[in-house]
Amino acid sequence: MRLLLIEDDPDLSRQMKLVLESDGYAVDTAADGEDGHFLGEAENYDAIVLDLGLPLMDGLSVLSRWRKQGIATPVLILTARDGWSEKVAGLDAGADDYVTKPFKIEEVLARVRALIRRAAGQASPDLSCGPVTLNTNSGKVTVDGLSVHLTAQEYKLLAYLMHHPEKIISRTELTEHLYDQDFDRDSNTIEVFVTRIRKKLGVQIINTIRGLGYQLVDISQQTTE
Ligand code: CA
């Protein structure tokens with residue numbers, strides 16, 4: 001999952017990026033409203049964390065512009081303490097949720113997880129496909145109840161597929177959502193990860209759709225003729 005973090009406080013931004021990355025997200029950052037607005041428009045993010053007090057263009061204007069442009073990416077706003085009117089204005093402008101400063105980073109993490117889940121139409125943190133279950137809170141993956149160890153990259157890839165079951169997902173889409181903008185993207189590595197995940201899971205839930213990409217399918221739902 002790939003996030004955009006728009007925060008002008010350099011220390012806070014650096015700290016949040018580190019924690020979000022250690023939680024498995026690819027994170028792009030912007031330090032002002034103009035740069036942030038541009039990235040949100042140009043790139044594909046799974047969620048955006050947006051501070052409201054920003055130089056060049058304030059957070060509310062950034063958000064209103066995206067929504068007018070039809071950009072529907074889930075947005076979590078960071079609001080000032082006691083800023084109830086800011087929260088109302090933010091939600092009315094199209095924010096999906098808010099966290100009040102100062103906050104515990106765990107709260108931001110939990111809210112981002114929930115936003116991404118809901119945007120994918122998943123109400124529960126346990127995402128399942130056939131015998132495979134992935135818990136988005138703990139990052140645990142099990143097959144028939146037995147845990148399977150995946151590397152951070154393998155987990156990211158499987159989590160993206162599990163959030164979008166049955167959708168055909170191209171390698172380009174996967175690279176866009178798994179790596180930040182500074183990463184040297186090579187879509188061949190995706191194939192390598194898929195092969196490793198299949199081996200580790202031991203069950204066939206990732207179909208290769210020739211020339212198009214991958215599709216997560218629940219094998220128990222496949223009818224046999
Ligand atoms: Ca600020």
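Can we say ALA110 is closer than 20 Å to GLY33 by Cβ, within 14 Å of the chain's Cα centre (by Cα) and loosely packed, with under 15 Cβ neighbours inside 10 Å?
In short, no.
Looking at region 91-128, which of its residues are modelled with pLDDT under 95 and touching a Pro at 6+ places or on another chain (Cβ under 6 Å)?
Across region 91-128, the qualifying residue is only ALA119.
Of the residues ALA47, ALA30, ALA26, ALA95, only one is within 23 Å of ASP182 (Cα to Cα) and within 16 Å of the ligand (Cβ to nearest atom); which?
ALA30
Let's see how each residue does on (1) surrounded by 14 or more Cβ atoms within 10 Å (Cβ to Cβ); (2) away from the ligand (no atom under 15 Å from the Cβ); (3) assigned by TED's automatic domain parsing to the domain that holds ASN137; (4) acidic (Asp, Glu):
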residue	(1), (2), (3), (4)
ASP8	yes, no, no, yes
LEU12	yes, no, no, no
THR73	yes, yes, no, no
THR79	yes, no, no, no
GLY83	yes, no, no, no
PRO102	no, no, no, no
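Quickly run through region 156-192 and pick out the residues that are at pLDDT 95 or above, touching a Gly at 6+ places or on another chain (Cβ under 6 Å) and surrounded by 17 or more Cβ atoms within 10 Å (Cβ to Cβ).
The one that is at pLDDT 95 or above, touching a Gly at 6+ places or on another chain (Cβ under 6 Å) and surrounded by 17 or more Cβ atoms within 10 Å (Cβ to Cβ): ILE169.
So is LYS200 part of a helix (DSSP H, G or I) and over 15 Å from ARG2 (Cα atoms) or not?
yes
Could you grab the pairs with beta carbons closer than 7 Å, sequence gap of 6+ or different chains, first residue in region 103-119 and within 14 Å of ILE48 (Cα to Cα), second one of a type in the set (D, E, K, R)?
LEU109/ASP23; ARG111/ASP97; LEU115/ASP96; LEU115/ASP97; ILE116/ASP46
Please work out if LEU146 is surrounded by fewer than 18 Cβ atoms within 10 Å (Cβ to Cβ), not assigned by TED's automatic domain parsing to the domain that holds GLU21 and not charged (D, E, K, R).
yes
The values are calculated or read from the model by the stated rules, or taken from the named source; none is laboratory data. Source: prediction; values computed, not measured. Glycine gets a Cβ as well: all are built from the backbone with ideal geometry, and neighbour counts include every protein chain shown.
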